[in-house]
Amino acid sequence: MNTPAHVVFGLFTFADPKDRRVTGAAITGALLPDLSLYLLAGWALLVQRIPGQVVFGELYYSDAWQAVFRIDNSFILWSMALAAGIALKSRVVVALCAAALLHLVLDFPFHREDARAHFWPLTDWKFISPVSYWDPAHHGRIVAGVEVAAVVAATLWLWRQHPGCVMRTLLAVLLVLEVTPPLMFGLMSLG
């Protein structure tokens with residue numbers, strides 16, 4: 001799934017309109033499993049000036065990058081952190097870890113060649129799904145359509161639950177980021 005969708009679903013599931021810390025933790029937890037990709041790719045693209053084809057066609061699959069992804073995409077590590085949050089009775093830690101786990105649960109069935117080792121450190125095995133969230137050759141258009149529809153519905157619900165200007169601005173930005181790429185790809189495929 002796309003990162004904006006993860007944030008919307010993390011907010012939908014774990015945010016608390018009455019507790020900004022819990023809401024902030026839900027946002028952070030939804031982002032953390034993708035953060036290393038943004039940092040690694042951003043550094044490679046913007047600082048090292050490596051072409052995008054190399055970054056996403058080679059570096060993404062390299063042992064070094066996959067070693068990082070194993071950590072921040074581990075069901076095992078996030079579950080241990082969630083258990084600690086529950087034991088400590090910390091709503092903030094629970095929201096953070098639960099949103100990260102939701103991110104992983106939503107990613108798991110929709111990654112093919114770009115799958116991650118979600119059960120590290122127990123194993124480096126990757127589930128290679130027959131369905132992709134982005135690749136049209138593997139139902140990517142259908143998944144993207146369902147994803148966008150679910151994000152729109154969740155955003156409308158969140159809009160009503162969170163009347164503040166900051167949250168509504170964030171929701172509007174997330175919605176634009178989620179809807180724009182599929183719309184642009186759809187328009188390009190018409191021509």
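The values are calculated or read from the model by the stated rules, or taken from the named source; none is laboratory data. Bear in mind that the values here come from a model prediction, so they are computed numbers and not experimental data. Neighbour counts run over all protein chains shown; Cβ positions are idealised from the backbone, glycine included. For accessibility, only protein heavy atoms count, side chains too; no ligands or nucleic acids. Shrake-Rupley method; radii C 1.70, N 1.55, O 1.52, S 1.80 Å.
Annotations for the structure displayed:
- Residues that are touching a helix residue (DSSP H, G or I) at 6+ places or on another chain (Cβ under 7 Å) and more than 27 Å from Asp124 (Cβ to Cβ) occur in region 73-86; there is at least one.
- Cβ-Cβ under 8 Å pairs, at least 6 apart or on other chains, region 90-106 side over 12 Å from Ile27 (Cβ atoms), far side modelled with pLDDT of 95 or more and basic (Lys, Arg): Arg91/Arg21
- Every condition in (1) over 19 Å from Phe12 (Cβ atoms); (2) modelled with pLDDT of 95 or more; (3) not aliphatic (A, V, I, L, M) holds for Ser132 except the one numbered (2).
- Among the residues of region 90-105, those identified as farther than 13 Å from Leu32 by Cβ and part of a helix (DSSP H, G or I) are Arg91, Val92, Val94, Val105.
- Tally of residues being part of a loop (DSSP other than H, G, I, E, B) and in contact with a strand residue (DSSP E or B) (Cβ under 6 Å, 6 or more places away or on another chain) across region 1-24: 0
- Restricting region 125-139 to residues that are farther than 12 Å from Asn2 by Cα and of a type in the set (Gly, Ala, Ser), the residue that is surrounded by the most Cβ atoms within 10 Å (Cβ to Cβ): Ser129
- Listed by first and then second residue, the pairs linking a residue in region 22-33 that is farther than 10 Å from Leu11 by Cα to a residue that is outside any helix (DSSP H, G or I), with Cβ atoms under 7 Å apart and 6 or more places separating them unless they lie on different chains, are Pro33/Asn73.
- If you go through region 140-173 and pick out every residue that is of a type in the set (A, V, I, L, M, F, W, C), open to solvent by 80 Å² or more (accessible area, probe 1.4 Å) and over 26 Å from Arg21 (Cβ atoms), you end up with 2.
- With respect to the conditions (1) surrounded by 19 or more Cβ atoms within 10 Å (Cβ to Cβ); (2) out of contact with any Leu (no Cβ under 6 Å at 6 or more places or on another chain); (3) part of a helix (DSSP H, G or I), Pro109 lacks only one, and its number is (1).
- Some residue of region 6-17 being open to solvent by 10 Å² or more (accessible area, probe 1.4 Å) and without any contact (Cβ under 8 Å) to a residue 40 or more places away in the chain: no
- Against the criterion of being farther than 27 Å from Ala149 by Cβ and in a loop (DSSP other than H, G, I, E, B), Arg49 qualifies.
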